[in-house]
């Protein structure tokens, strides 16, 4: 595959270790009122979690950046409502303690299966969000027996790896999950090469699904079959054979003249090529 572009950019970025960033701080991580790594509620229940810490706090939750709209803000509370108007979220300051003077409560009403996921509390003004140091989280399953799968349709990119994870997420933690292929083959977790994780999905050998048009996860609840959304299987290349910039010779231009450079990449079929550019006048 060949891609042509009209400039050439190389981007050099210096990244500091997150651990180094927080070494200069003396702190203990925030703590939650829910101490379990997994917490289960039923759909339509109200979820209430309290977080306390040494510094100002902030919450993130599933879909907090996608389907919620801030409808009001006061000095000690923030209100959100989902786009469908059913689910409401409230962040509210609460009374701290001597050792943890900051406190923030997250209250979620009208819970749905899609509210399943990680609920994280972190120090608001510290950029490095490191679990167990500047942040703490718990995974909440919002159990809905009519909606056991919560993923949206998506494309599953297959690279030259031995294993691939099919991210079919569930609202019920203790389901028996199988993987259905377009070829009508059913794959069962065996605890060895095929592994099921109720927070991440199913890990399978790539060779088992690479020739299938799509895959779906399946489960059985009270003799009723449920299927996840489709995962379309797409074989993606990742080999870069050559890259050339033309013209290759040094050039001299007058002020006001246009400079045109061509960057050409030869890569494996179906490879995704992301061109980035660097030049003296770049801000």
Taking the range 25-51 and keeping residues touching a strand residue (DSSP E or B) at 6+ places or on another chain (Cβ under 6 Å) and either under 18 Å from residue 97 (Cβ atoms) or assigned to a loop (DSSP other than H, G, I, E, B) (or both) leaves 29, 30, 31, 32, 33, 34, 43, 46, 49, 50, 51
Search result, residues across the range 154-177 that are modelled with pLDDT under 90 and part of a loop (DSSP other than H, G, I, E, B): 159, 160, 161, 162
Could you tell me how many of the residues in the range 260-283 are over 30 Å from residue 158 (Cα atoms) and modelled with pLDDT under 85? 6
Can you tell me how many residues in the range 215-230 are surrounded by 14 or more Cβ atoms within 10 Å (Cβ to Cβ) and free of Cβ contacts under 8 Å to residues at least 60 places away in the same chain? 3
The residue from 148, 173, 153 that alone is farther than 26 Å from residue 39 by Cβ and under 20 Å from the mean Cα position of the chain (by Cα) is 153
State whether the residues of the range 63-72 include one that is surrounded by 17 or more Cβ atoms within 10 Å (Cβ to Cβ), in contact with a strand residue (DSSP E or B) (Cβ under 9 Å, 6 or more places away or on another chain), on the phi < 0 side of the Ramachandran plot and modelled with pLDDT under 90. yes
Being more than 27 Å from residue 62 (Cβ to Cβ) and surrounded by 19 or more Cβ atoms within 10 Å (Cβ to Cβ): is that true of residue 212 here? yes
Just wondering, is there one or more residues in the range 167-182 that are more than 21 Å from residue 43 (Cβ to Cβ) and assigned by TED's automatic domain parsing to the domain that holds residue 47? no
Those residues of the range 109-146 which are touching a strand residue (DSSP E or B) at 6+ places or on another chain (Cβ under 8 Å) and in a loop (DSSP other than H, G, I, E, B) amount to 110, 111, 112, 116, 124, 129, 134, 144, 145
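The values are calculated or read from the model by the stated rules, or taken from the named source; none is laboratory data. Note that the structure is predicted; figures quoted are calculated from it, not measured. So basically every Cβ, Gly included, is an ideal-geometry build from the backbone, and we count neighbours across all protein chains shown.
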